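The values are calculated or read from the model by the stated rules, or taken from the named source; none is laboratory data. Only a predicted model underlies this, so the values are computations on that prediction, with no experimental measurement involved. Note: ideal-geometry Cβ built from the backbone for every residue, glycine included; neighbour counts use all protein chains shown.
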């Protein structure tokens, strides 16, 4: 719920935006998409213009509505989405809950020539570190998910740690991530 000019508006946001929101009552600036469908007026809010552009592109794809577009953006950043589309990585998009293989293939097919509209440089695929730190980070995310956290929330907490955490081991990563998730410093 966002209040502006004394009027409260309900906005639907992807998890990536939700985790960036300040505490209730604080000022916030969001890019908003206003959709009118079947007599319903719905507002969607985004922390960045790139998220809004990605949402707009996704909703142009047949069988991808606003809810599914939000689900994709809750799991993938616009940069990750652009990279997956450029690489033709259907499996990455198919991994989003609610997205089936056919829809993922359609997203790649229909947006491969439009991904430039995101005005993003698709990031170069990162080479997996040879020291096993990528596996340690994945294990930590998996452990947090098993503890009941949402995958996006767990990944965000793990990703926000410094590089030395991976060298310290999975237990340290989990402990530091839990401290972050609980709001401790």
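Scanning segment 67-93 for residues that are over 22 Å from residue 12 (Cα atoms), surrounded by fewer than 18 Cβ atoms within 10 Å (Cβ to Cβ) and within 17 Å of the chain's Cα centre (by Cα) yields a count of 2. Does residue 107 satisfy being in a loop (DSSP other than H, G, I, E, B), modelled with pLDDT of 90 or more, in contact with a helix residue (DSSP H, G or I) (Cβ under 6 Å, 6 or more places away or on another chain) and under 20 Å from residue 35 (Cβ atoms)? Here the answer is no, as residue 107 does not meet what is asked.
Looking only at strands (runs of 3 or more DSSP E) that fall completely inside segment 1-95, which ones have 1 or more residues that are closer than 28 Å to residue 149 by Cβ and touching a helix residue (DSSP H, G or I) at 6+ places or on another chain (Cβ under 8 Å)?
Working: elements: 2-4, 7-9, 31-37, 40-46.
Ranges flagged: 31-37, 40-46.
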